[in-house]
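Colleague: This is the structure I have questions about; it appears just below.
The values are calculated or read from the model by the stated rules, or taken from the named source; none is laboratory data. It should be emphasised that the depicted structure is a prediction, and the values quoted were computed from it without experimental measurement. Using ideal geometry, Cβ is built from the backbone for each residue, glycine included, and neighbour counts are taken over all protein chains shown. Side chains included, ligands, DNA and RNA excluded: accessible areas come from the protein's heavy atoms. Shrake-Rupley method; radii C 1.70, N 1.55, O 1.52, S 1.80 Å.
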Amino acid sequence: MKHRKTFFSQKIKKSAGLLQFEGPVHPERIASLYMDEGLTAFRRPSQQQKALEGIAELPEGRVILAIHEHTIIGYVTFLYPDPMERWSEAKMDDLLELGAIEVTKRFRHQHVAENMLELAFRDDAMEDYIIFTTEYYWHWDLKGTGLDVWAYRKIMEKVMASVGLEWFATDDPEICSHPANCMMARIGKRVTLESIQAFDRIRFQNRFIF
């Protein structure tokens, strides 16, 4: 499968400053910027910056950035599922995971996440993919926001729904381990029935025979 990528860029004024949204970006662009010290959800900022560069190098990898004065203050990533997870078992070349979305604290509650996602889905090539995300409450900044798991999940669902992701059922043990965890997905307009059926088989692997 050929992974087509069309670059988009937009400036939007926020209460905390003027932001530049752009992507999918090249690794060199990521390396040329600073990383906000508040981006610590997954690893230290310097390490996460290297991880973003690595994703941007992948044929299927997409990194969308929110930039304030030469500093990355938010990002969204799309890439193939981790080989260690069930989502990669079918080896689908049109299944991408929305792997990470993070915004530094100073720019939260200003629709930065929605702006990054909106820019990502401007690319018509996204209609060639099933895009899914797995949301686990242990990745959420409950302490920093003061929200409980249900309020935080409601926000995440609203953000994802802004670009057409919907709730999908699954019997994945990690997702089923807590009722606040969930899976959401968006099936592109050009995705084949064969791929949709393959995705269904991945979602449900523990069917009982009566």
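Colleague: Using the Cα atoms of region 54-159, I'd like the radius of gyration and the largest Cα-Cα distance, Dmax, both in angstrom.
Modeller: So, for region 54-159, Rg and Dmax equal 14.6, 42 Å respectively.
Colleague: For the chain, what is the Kirkwood hydrodynamic radius in Å, using each pair of distinct C-alpha atoms?
Modeller: 17.8 Å
Colleague: As an exercise, use a Förster radius of 22 Å and the Cβ-Cβ distance of Arg44 and Glu157 to find the FRET efficiency, rounded to the nearest 0.05.
Modeller: So, using R0 = 22 Å, E works out to roughly 0.15.
Colleague: Determine the per residue accessible area of region 18-165 with all protein chains present and a 1.4 angstrom probe, expressed in square angstrom.
Modeller: 46 Å²
Colleague: Let me ask you something else. Per DSSP H run of n ≥ 4, the term is -39500 (n - 2.57); total these for the chain, divide by its residue number, and report the mean residue ellipticity at 222 nm rounded to 500 deg cm²/dmol.
Modeller: Taking each H run of at least 4 residues, the total per residue is -7500 deg cm²/dmol.
Colleague: Of the accessible area of region 40-143, with the probe set at 1.4 angstrom, what percent is carbon plus sulfur?
Modeller: 50 percent
Colleague: Over region 8-203, what relative contact order in percent results from Cα pairs under 8 Å that are six or more residues apart?
Modeller: In percent, rounded to a whole number, it is 18.
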